[in-house]
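Note sheet for the following structure.
The values are calculated or read from the model by the stated rules, or taken from the named source; none is laboratory data. Keep in mind that this is a model prediction, so the values were computed, not measured. Using ideal geometry, Cβ is built from the backbone for each residue, glycine included, and neighbour counts are taken over all protein chains shown. Only protein heavy atoms, including side chains, enter the accessible area calculation; ligands, DNA and RNA are left aside. Shrake-Rupley method; radii C 1.70, N 1.55, O 1.52, S 1.80 Å.
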Amino acid sequence: MSKHRIGFIGTGAVAELHQLSVDKLEHAELAGITDLNQERLSRREKEWQAKAYPDARALIESDEIDIIYILSPVEAHYEQAVQALKAGKHVLIEKPVAMTVEQIREIGRVAQEMNRICFPAHNYIYHPEMIKMKRYIEEGALGQICSAWFTFIIHHSEELASHYPGVIRQIMTHHLYTTLYLLGKPEAMSCSATKLHYQTLEREDQSVMLLEMPGGAQAVLFSSFACDDDTSSPWTYLVKVLGTQGGMNYSWRDVLYNRAIGTLGKAYPKYEELFFYESEYFINECIDKGKAPLSTLQDAAVVQHMVELAEANLGKHMISC
Ligand SMILES: NC(=O)c1ccc[n+]([C@@H]2O[C@H](COP(=O)([O-])OP(=O)(O)OC[C@H]3O[C@@H](n4cnc5c(N)ncnc54)[C@H](O)[C@@H]3O)[C@@H](O)[C@H]2O)c1
């Protein structure tokens, strides 16, 4: 079986993690890369032994590339996704998938028209422990679900944070698709946000969201770029689900290495592995076997709708989703 040939648009921090993952895949290889930053592109070309293309269009239109990974900033996703799908490529698209609900719906429409898979890179749910957590919830092993807690607490310098939108789009997006995957669609929400450590950036660096779930469970979503949690029970990235018959935790802090990768100063293997598990699922299950992603473009549209609702109603009491 010949290998699927993957092309990366964007060779920045998240591309580092994707490159390590793609390298481990049996049925796929990194065949091409492109980046607006020419210095970075030629460095990556040597490091990764992948052909460098002068721009995104050249990579997308190359008949030596079968699959496009969109790893550029969110502002570029929509145009690149539509171009790639129209060129007949399957697409993995980093989160947030696009800037608006309408853009996500249009990407979905083009994917359907072209009969191609567009896979939202909702990587946090592809870890086997998260899949197990969903199974326990669905089988009723935890009883009636009472509460769920999602935290992401990792300091981002102002320079690093300037690559991204505020934490509502950048991190709540992860918490929201994870909530959808584990517990379903919330019925109501409220959100507040603050800016603690940026001197010039005009966006929130910390936010808390409260969700009311069908059946009465409550979920608390917390995202912070303002500080780290190095206490004895760190909430760096934690998912906790509690029910009347039991509960389960999933934490990135179970294992930690002292080396920098991607955007992180320390390496959390349980974070890095997510990129492998999602690519493996995308290639082996979605492309080779025709299965749907565990979190679809429709889910991405629901998440984006909630993000937009949160931004428009900051500090207000519970509003219907
Ligand atoms: N899933 C995750 O865990 C995770 C983690 C980090 C970032 N991300 C997402 O990945 C995306 C990229 O983030 P990053 O941290 O790699 O950012 P980055 O700034 O480190 O890298 C982005 C790269 O894209 C290049 N670029 C910008 N516009 C381009 C264009 N039009 N065409 C080609 N290249 C272009 C830049 O030169 C840069 O090298 C964002 O959507 C971000 O939200 C996801």
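Structural remarks
- Acute angle (nearest 10 degrees) that the helix 128-139 long axis makes with the longest principal axis of the chain, alpha-carbon atoms: 50 degrees
- Here the Karplus curve 6.51 cos²θ - 1.76 cosθ + 1.60, taken at θ = phi - 60°, turns the phi angles of segment 290-298 into couplings of x, 6, 7, x, 5, 10, 9, 5, 4 Hz, with x standing for Gly and Pro.
- Rounded to the nearest 20 debye, the dipole size of the chain about its Cα centre is 380 debye, using +1 on the Cβ of Lys and Arg and -1 on the Cβ of Asp and Glu.
- Accessible heavy-atom area order of Trp235, Trp252, highest first, probe of 1.4 Å: Trp235, Trp252
- Rg/Rg_ref, segment 58-168, where Rg_ref = 2.2 N^0.38 Å and atoms are Cα: 1.34
- Those aspartates and glutamates that a straight Cα-Cα span of less than 20 Å connects to Lys134, excepting residues fewer than 8 apart in one chain: Glu187, Glu212, Asp254, Glu273, Glu278, Glu280, Glu285, Asp299
- Estimated Rh, segment 180-321: Kirkwood, alpha-carbon pairs, angstrom: 17.8 Å
- Around Leu71: net Lys/Arg minus Asp/Glu count, Cβ-Cβ under 10 Å: -3
- Rounded to the nearest Hz, the phi-derived 3J(HN,Hα) couplings of segment 154-171 under the Karplus curve 6.51 cos²θ - 1.76 cosθ + 1.60 (θ = phi - 60°) are 9, 4, 10, 4, 4, 5, 5, 5, 5, 6, 10, x, x, 5, 5, 6, 6, 10, where x marks glycine and proline.
- Using alpha-carbon coordinates, inclination of helix 173-183 to the longest axis of the chain, degrees: 60 degrees
- Our note on the geometry: Cα centres of segment 140-167 and segment 1-59, 28 Å apart.
- Projecting the Cα atoms of Phe119, Leu41, Tyr136 onto the dipole axis of the chain, where Lys and Arg carry +1 and Asp and Glu carry -1 at the beta carbon, places Tyr136 farthest toward the positive end.
- Whole-Å distance, taken between Cα centres, linking segment 235-294 and segment 199-233: 18 Å
- The Cβ shell under 13 Å around Pro214 holds other residues with a net charge of -1, Lys and Arg each +1, Asp and Glu each -1.
- Lys/Arg +1, Asp/Glu -1 at C-beta; segment 219-318 dipole; positive extreme among Ser223, Ala301, Pro234: Pro234
- Spatially proximal lysines relative to Lys195 (Cα-Cα < 23 Å; intrachain offsets below 8 disregarded): Lys95, Lys316
- Size descriptors for segment 39-94: radius of gyration and Dmax over Cα atoms are 11.4, 30 Å.
- Proportion of all alpha-carbon pairs of the chain beyond 38 Å (%): 11 percent
- Summing charges over neighbours of Ala28, with a neighbour being any other residue whose Cβ is under 12 Å away from its Cβ, gives -3 when K and R count +1 and D and E count -1.
- Rounded to the nearest whole Hz, the Karplus-based 3J(HN,Hα) values (6.51 cos²θ - 1.76 cosθ + 1.60, θ = phi - 60°) of segment 140-148 follow the sequence x, 4, 8, x, 6, 6, 9, 8, 9, with x at glycine and proline.
- Within segment 147-191, backbone nitrogen closer than 14 Å to the virtual label 7 Å beyond the Cα of Thr200 toward Cβ: 158-163
- Crossing angle, helix 74-86 versus the chain [Cα axis fit, 0-90 degrees, rounded to tens]: 50 degrees
- Descending Cα extents along the principal axes, segment 4-121, whole Å: 38, 27, 24
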